[in-house]
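Novice: Take a look at this one; I'll ask things after.
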Amino acid sequence: MTASGAPSWQAKGRYFETCSCDYLCPCPTSNLAAKPTEGDCTFAFAFHVDEGQHGSTKLDGLNVAAVGRAPGEMINGNWSVGLITDERANPEQQQALVEIASGQAGGPMANLAPLIGDFRGVEAKPIQFQRSGMNWSVFIPGVLDEAAEGVPGANADEPMYLDNVGHPANTRLALAKAVRSHLHAFGLDWDDDSGRNNGHFAPFSWQGG
């Protein structure tokens, strides 16, 4: 417990995303000021917690996703966002995941909170988060089916990276291309199998309280 009375917390694990921008998305390289390649940007962030604790509540092995749409340049806000929590989580774990992923508990996601104009709620669903080398995927039945492949660098076994970017997951993001993105939740509908859309992945290590 911190001096403010809020529980201290920490979470570390793996994140990946796809978005509706063509590769390479201009948003992280412009500090969110560039216009998305399609005019607006639909995105799906997925997080797998390898180790985590919120107060006395353990979060190891749980997943959470944040999905949304920005109607224009992301820095201008008015994002529509919803959260999907792991249905395996008990009520205390559900609340902890929501507080961390929404930024209510502080930490890096709190930096995005002022950009959200329409919070569309929380749903608990089964979340399958998978990684094999540079291939990443998340499947939430009836809600989200996304996958991405890392873009190899000079070493074919390692991706290229963006460094020193203002992203809540990590300041160093691996570059990836979306294989597929299908989102149907919170009034957001997005389907893409073109292979042209953007992706990223990275480890994350957060704390707050």
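Novice: Whole-Hz ³J(HN,Hα) for each residue in the range 195-209, computed from phi via Karplus 6.51 cos²θ - 1.76 cosθ + 1.60 with θ = phi - 60°, x for glycine and proline: what do you get?
Specialist: Result, ordered by residue: x, 9, 6, 8, x, 8, 8, 5, x, 10, 8, 10, 7, x, x Hz.
Novice: Leaving out ligands and nucleic acids, note down the accessible area per residue over the range 53-157 with a 1.4 angstrom probe, in whole Å².
Specialist: On a per-residue basis, the range 53-157 sits at 46 Å².
Novice: Enumerate cysteines in the chain without a disulfide-compatible partner, where compatibility requires another Cys Cβ under 4.7 angstrom.
Specialist: So far as the 4.7 Å Cβ criterion goes, CYS19, CYS27, CYS41 stand without a partner in the chain.
Novice: List, in order, the whole-Hz ³J(HN,Hα) value for each residue of the range 60-76 obtained from phi through the Karplus relation with A = 6.51, B = -1.76, C = 1.60 and θ = phi - 60°; use x for Gly and Pro.
Specialist: Running phi through 6.51 cos²θ - 1.76 cosθ + 1.60 with θ = phi - 60° gives 4, x, 8, 10, 8, 10, 10, 10, x, 9, 9, x, x, 3, 4, 5, 7 Hz.
Novice: Per-residue ellipticity at 222 nm for the chain, helices alone: DSSP H runs ≥ 4 residues times -39500 (n - 2.57), over residue total, nearest 500 deg cm²/dmol? Each step should come with its number before you reach the end.
Specialist: Values: 1 runs with 12 residues, N = 209.
Result for the chain, helices only: -2000 deg cm²/dmol.
Novice: Starting from the amide H of PHE186, placed 1.01 Å from N in the peptide plane, find each other amide H under 5 Å away whose residue is 5 or more places distant or on another chain.
Specialist: Long-range HN contacts for PHE186: none found.
Novice: Still on this structure, please answer the following. For the chain, compute Rg over Rh where Rg is the Cα radius of gyration and Rh is the Kirkwood radius from the inverse mean 1/r over Cα pairs.
Specialist: 0.94
Novice: So what is the relative contact order of the range 1-79, in percent, for Cα pairs below 8 Å that sit 6 or more residues apart?
Specialist: Worked out over the range 1-79, it gives 33 percent.
Novice: For the pair GLU158/LEU115, report the inter-label distance in nm, with labels modelled 7 Å from Cα in the Cβ direction.
Specialist: Inter-label distance under the simple model: 2.8 nm.
Novice: Taking the Cα atoms of the range 47-169, what is the range of coordinates along each of the three principal axes, in descending order and whole Å?
Specialist: Extents along the principal axes: 45, 34, 31 Å.
Novice: Ranked highest first by the average count of other Cβ atoms within 10 Å around their residues, in what order do 113-120, 136-143, 99-106, 43-50 fall?
Specialist: Numbers: 113-120: 14.5, 136-143: 19.4, 99-106: 21.0, 43-50: 24.1.
Highest to lowest by the protection proxy: 43-50, 99-106, 136-143, 113-120.
Novice: Identify the residues of the range 188-209 with backbone N under 12 Å of a label point that sits 7 angstrom from the Cα of ARG131 along the Cα-to-Cβ direction, or state none.
Specialist: The answer is 201-205, whose backbone nitrogens lie closer than 12 Å to the label point.
Novice: Here is a further query. By the scheme Lys and Arg +1, Asp and Glu -1, what is the net charge of all other residues having a beta-carbon under 9 Å from that of GLY150?
Specialist: Computed value for this residue: -1.
Novice: In the chain, carbon and sulfur make up what percent of the accessible area (probe 1.4 Å)?
Specialist: On the way: 4300 of 9270 Å².
About 46 percent, which is the carbon plus sulfur part of the accessible surface.
Novice: Let me ask something else about it. Please determine, in degrees from 0 to 90 and to the nearest 10, the orientation of helix 91-102 with respect to the longest principal axis defined by the Cα atoms of the chain, where the helix direction is its Cα long axis.
Specialist: 50 degrees
Novice: Quick one: net charge of ASN135's neighbours, Cβ under 15 Å, K/R +1, D/E -1?
Specialist: On the way: positive: ARG14, ARG131, LYS177, ARG180; negative: GLU17, ASP145, GLU146, GLU149, ASP157, GLU158.
Overall, the nearby charge balance is -2.
Novice: Counting other Cβ atoms within 10 Å, which GluC sites (Glu not before Pro) in the range 114-209 have at most 15 and lie in a DSSP loop?
Specialist: none
Novice: Residue by residue through the range 152-166, which ³J(HN,Hα) values in whole Hz follow from phi under the Karplus form 6.51 cos²θ - 1.76 cosθ + 1.60 (θ = phi - 60°), with glycine and proline marked x?
Specialist: Rounded to whole hertz, the list is x, x, 4, 8, 5, 8, 10, x, 6, 9, 9, 10, 6, 9, x.
Novice: To the nearest 10 square angstrom, how much accessible area does ARG196 have with a 1.4 angstrom probe?
Specialist: Its heavy atoms expose roughly 150 Å² to the probe.
Novice: Counting pairs of alpha carbon atoms under 8 Å apart in space and at least six apart in sequence, what relative contact order in percent does the chain give?
Specialist: Value for the chain: 24 percent.
Novice: Here is a follow-up. Using 0.36 nm per residue of separation minus the Cα-Cα distance, give me the extension gain between GLN207 and SER30 in nm, one decimal. The partial results should precede the final answer.
Specialist: Working: separation 177, 0.36 × 177 = 63.72 nm, distance 2.60 nm.
Additional length available on full extension: 61.1 nm.
The values are calculated or read from the model by the stated rules, or taken from the named source; none is laboratory data. The shown structure was predicted, so the numbers you read here are calculated from the model rather than taken from an experiment. When we count neighbours, we look across all protein chains shown, and the Cβ atoms used for this are built from the backbone with ideal geometry, even at glycine. The area values use the complete protein model at the heavy-atom level, side chains included, leaving out ligands, DNA and RNA. Shrake-Rupley method; radii C 1.70, N 1.55, O 1.52, S 1.80 Å.
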